[in-house]
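For reference, the structure discussed in these notes is given below.
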Amino acid sequence: MMGNPDEKKGDEAGARLAMTQAVQLEKLLPQIADRLHQAQDFLQASEERLQRETNEAHPTCLGRGGGVGANLRLYESTGHTNKPSF
């Protein structure tokens, strides 16, 4: 059974449109990949900068064996004998 000629033309037009869009997308993918890599590099650099700045501002808290234990040791090293309630 043969399909309707109008349906066949519609199917061909739809297929052409889909192929055109696929080709356009293939052309855009490398640019999108480059932008993604740039964004990842920027994010990594920002995270590293934040870590450095945080460590410089609070060296006893983060990145160097910090946390509550380090803060408590720092508190005790200043001559305080009573334990603070955190």
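Between the listed residues Ala33, Ala18, Gln44, the Cα displaced farthest toward the positive end of the dipole of segment 1-48, a dipole computed from Cβ unit charges relative to the Cα centre, is found at Ala18. With Cβ to Cβ distances under 12 Å as the rule, what net charge do the other residues near Ala13 carry (K, R +1; D, E -1)? Result for the neighbourhood of Ala13: -1. Positive contributions from Lys and Arg (+1) and negative ones from Asp and Glu (-1), summed over other residues with Cβ under 14 Å from the Cβ of Asn4, come out at -2.
Read the figures in this text as sums done on the coordinates, not as results from a lab. Please read these numbers as outputs of a predicted model, since none were measured by experiment. Every residue, glycine as well, gets a Cβ built from its backbone with ideal geometry; the counts of neighbours run over all protein chains shown.
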